[in-house]
Amino acid sequence: MSISNIINLKTIMFRVGTLRLTRKHAATFGYCALLLLPFIAAESLGMVYEGLYSSVLGAITLIAMTAFFVQFPLAGRLKAVPLFSNIDWSVAKHKRLGQYLGLFFFVHPLLILAPKMMMSFDDFSASFISMLTAPQLLTGLIAWLMMLAWVLMAIYKDKLTIRYETWRLLHIVGFGVITTLATLHVTTVGSHGQFNAHFNGVWWALYMFSILLLVYNYLIKPRKIQRQPFAITAINKISTCDWQLTIKPAMQQRFAYEAGQFAWLNTSGSAYNLEQHPFSIASEHNDQAHLSFIIRELGDYTSSLAQLSVGQTVFVDGPYGSMSLAQSSTASGITLIAGGAGIAPMVSLLRELAKRNDARPIRLIYANKNLQRMVCIDELIALEQSMHNFKLQLVCEQVIEQKDVNQVYRNGDTPPLDIQQGYVDKPHISASISAGQQQDWSVYLCGPEAMMTATSKHLTHLGISSGQVHFEQLAF
Ligand SMILES: Cc1cc2nc3c(=O)[nH]c(=O)nc-3n(C[C@H](O)[C@H](O)[C@H](O)COP(=O)(O)OP(=O)(O)OC[C@H]3O[C@@H](n4cnc5c(N)ncnc54)[C@H](O)[C@@H]3O)c2cc1C
């Protein structure tokens with residue numbers, strides 16, 4: 001095995017025997033180390049607790065409060081900071097940890113009073129009432145109630161009857177207020193607040209950092225983005241429910257990206273507007289002249305793409321995302337699996353592989369409800385004929401009729417398309433990988449959540465490890 005196989009700096013993956021330290025493991029490790037810093041600072045300043053229970057609770061509260069502040073960079077689209085640059089990882093952690101933190105802070109007052117509850121219920125209820133009514137605890141009480149409401153709003157955001165942008169604005173402003181109140185609380189009351197003025201400086205520094213990050217993301221960054229606009233060069237309907245949008249830099253600015261990445265697009269006319277949507281870049285790497293996107297009609301914005309016009313300004317925040325061909329540089333073959341709108345990053349990867357004349361076996365399993373929803377079919381068939389070893393397999397949920405095939409393939413004679421009926425299943429994936437090479441292939445996956453979940457299970461059953469699977473989710 002060559003040195004470049006053992007240490008692949010691009011994917012930051014280390015192999016030690018059977019131990020594989022991936023970039024995600026490194027990020028988790030870095031994140032945990034970050035959370036311990038205030039705890040270490042408190043210990044080194046000689047913080048003393050009364051008894052084991054309050055020591056453990058004190059340590060957990062310190063770590064949870066730090067994790068609460070670190071929620072800001074996790075959601076902050078900070079691609080220049082290595083720890084937070086993998087946005088898929090960061091956003092997934094932000095969502096999951098937000099729920100745990102919400103639960104912890106919800107039970108936080110009860111945990112403080114638990115020892116009293118053990119001794120006497122009267123003591124407990126008297127302390128609980130004074131907790132609710134003490135003026136110095138008002139900031140904590142309001143933060144506690146707001147936190148509960150805002151975490152529930154985040155968990156059930158898809159069930160709320162408000163627009164995504166309204167929810168996002170409420171989320172940002174609400175957590176800005178909660179952070180202010182929580183910082184006032186933690187620096188004024190309890191064992192931490194009354195411990196040491198220098199230690200309170202740690203909380204105020206974390207608070208300032210969180211607020212500055214909001215100012216950067218919502219005021220400074222849009223200013224930069226506004227100075228580098230793009231313009232629409234084409235907008236075409238390419239299936240019964242998909243559009244192809246093509247844009248180019250209006251100021252000849254460089255926009256370097258890797259095939260498989262995505263960007264937030266904003267067509268509102270102002271870079272400060274919160275109406276911006278993430279879409280995968282479908283064009284190949286470094287196609288500097290144009291960026292193209294394949295967009296499925298799924299909601300308010302995506303169903304009104306017909307209103308966009310050629311020449312219109314688009315603001316682009318990106319590129320983001322860690323899915324790239326570097327992840328499969330040592331694989332002996334590649335299977336791309338796309339469902340619906342998930343075809344966009346797969347087309348980008350495939351175009352890039354074709355440009356590089358990649359000689360490895362490459363398979364694309366492309367699933368949709370029906371054939372009319374398939375996009376770029378002519379191009380995919382042409383690639384099947386021109387690429388060294390590429391095969392396309394279409395999977396349709398609905399029954400396929402010859403008239404549908406003729407309608408989709410408009411280029412004269414119907415070619416021998418490989419079309420299966422049903423859902424992407426174990427036999428489809430297994431047939432795409434050369435026999436006995438499950439451990440050596442890379443799989444790229446993108447599609448609706450239900451399809452991603454089912455396909456991930458099939459991949460596990462086929463003995464394909466999570467390190468071999470690279471995916472992009474179509475929702476945050
Ligand atoms: C990394 C990534 C890449 C994507 N790539 C593509 C692609 O190439 N092609 C494609 O058709 N779709 C893609 N999507 C999905 C696309 O972003 C949503 O379909 C679109 O934003 C929905 O907006 P809407 O107003 O039409 O629908 P709505 O009904 O408003 O939203 C439907 C759901 O989409 C999500 N959503 C809406 N707005 C945003 C936003 N600004 N940021 C994050 N999530 C949002 C929310 O979960 C919401 O519940 C991608 C999503 C992500 C996260």
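The values are calculated or read from the model by the stated rules, or taken from the named source; none is laboratory data. This one's a predicted model, so the numbers in the text were calculated from it and none came from an experiment. Cβ coordinates were reconstructed from backbone atoms using ideal geometry, including for glycine residues, and neighbour counts include every protein chain displayed.
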Practice task
Determine, yes or no, whether Ala134 is out of contact with any Lys or Arg (no Cβ under 7 Å at 6 or more places or on another chain) and within 19 Å of Tyr100 (Cα to Cα).
Solution key: no
Exercise for the section: Answer yes or no as to whether Phe255 is near the ligand (Cβ under 7 Å from one of its atoms) and within 23 Å of Asn86 (Cα to Cα). Expected result: no
Fill in the blank from the handout: Checked against (1) farther than 16 Å from Phe293 by Cβ; (2) in contact (Cβ under 8 Å) with a residue 24 or more places away in the chain; (3) not small (Gly, Ala, Ser), Trp243 satisfies every condition except (1)
Fill in the blank from the handout: Of the residues in the range 449-467, those that are in contact with a Ser or Thr (Cβ under 9 Å, 6 or more places away or on another chain) and under 30 Å from Gly76 (Cβ atoms) number 3
Problem - Every residue from the range 240-252 that is within 11 Å of the ligand (Cβ to nearest atom) and in a loop (DSSP other than H, G, I, E, B) - result: Cys241
Problem - Verdict on Met147 being without any contact (Cβ under 8 Å) to a residue 24 or more places away in the chain and either touching a helix residue (DSSP H, G or I) at 6+ places or on another chain (Cβ under 6 Å) or more than 16 Å from the ligand (Cβ to nearest atom) (or both) - result: no
Handout entry: Test: residue in the range 120-141 that is modelled with pLDDT of 90 or more, at negative phi and outside any helix (DSSP H, G or I)
Key = no
Fill in the blank from the handout: In the set Leu213, Leu219, Leu148, the lone residue that is out of contact with any Lys or Arg (no Cβ under 6 Å at 6 or more places or on another chain) and more than 23 Å from Leu274 (Cβ to Cβ) is Leu148
Handout entry: Failed criterion for Ala197 (all others in (1) away from the ligand (no atom under 16 Å from the Cβ); (2) within 21 Å of Ala64 (Cβ to Cβ); (3) surrounded by fewer than 19 Cβ atoms within 10 Å (Cβ to Cβ) hold)
Key = (2)
Practice task
Assess whether Ile247 counts as being modelled with pLDDT of 95 or more and under 28 Å from Ala67 (Cα atoms).
Solution key: no
Exercise for the section: Those residues that are more than 23 Å from Met147 (Cα to Cα), surrounded by 16 or more Cβ atoms within 10 Å (Cβ to Cβ) and away from the ligand (no atom under 16 Å from the Cβ), I need them from the range 79-104; list them, please. Expected result: Leu83
Exercise for the section: Show the residue pairs that are 6+ apart or on different chains and have beta-carbon atoms under 8 Å apart, the first residue being within the range 246-261 and at positive phi, the second being surrounded by 13 or more Cβ atoms within 10 Å (Cβ to Cβ) and of a type in the set (Phe, Trp, Tyr). Expected result: Gly260/Tyr444
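Yes/no per residue for (1) within 14 Å of the ligand (Cβ to nearest atom); (2) under 20 Å from the mean Cα position of the chain (by Cα); (3) among the β-branched types (Val, Ile, Thr); (4) crowded, with 17+ Cβ neighbours inside 10 Å:
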{"site": "Arg296", "(1), (2), (3), (4)": "yes, yes, no, yes"}
{"site": "Gly299", "(1), (2), (3), (4)": "yes, yes, no, no"}
{"site": "Thr302", "(1), (2), (3), (4)": "yes, yes, yes, no"}
{"site": "Ala306", "(1), (2), (3), (4)": "yes, no, no, no"}
{"site": "Ser309", "(1), (2), (3), (4)": "no, no, no, no"}
{"site": "Asp317", "(1), (2), (3), (4)": "yes, yes, no, yes"}
{"site": "Ser322", "(1), (2), (3), (4)": "yes, yes, no, yes"}
{"site": "Gly333", "(1), (2), (3), (4)": "no, no, no, yes"}
{"site": "Ile337", "(1), (2), (3), (4)": "no, yes, yes, yes"}
Handout entry: Tabulated pairs, the range 159-177, first within 12 Å of the ligand (Cβ to nearest atom), second among the hydroxyl-bearing types (Ser, Thr, Tyr), C-beta under 7 angstrom, 6+ apart or interchain
Key = none
Problem - Evaluation of Leu213 against (1) within 9 Å of the ligand (Cβ to nearest atom); (2) part of a helix (DSSP H, G or I); (3) among the hydrophobic types (A, V, I, L, M, F, W, C) (one fails), failing number - result: (1)
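Search the range 67-77 for residues being over 12 Å from the mean Cα position of the chain (by Cα) and in contact (Cβ under 8 Å) with a residue 60 or more places away in the chain, and hand back the single one that is farthest from Tyr100 (Cα to Cα).
Pro73
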Fill in the blank from the handout: Filtering the range 354-367 down to residues that are out of contact with any strand residue (DSSP E or B) (no Cβ under 6 Å at 6 or more places or on another chain) and surrounded by 16 or more Cβ atoms within 10 Å (Cβ to Cβ) yields Ala354, Asp358
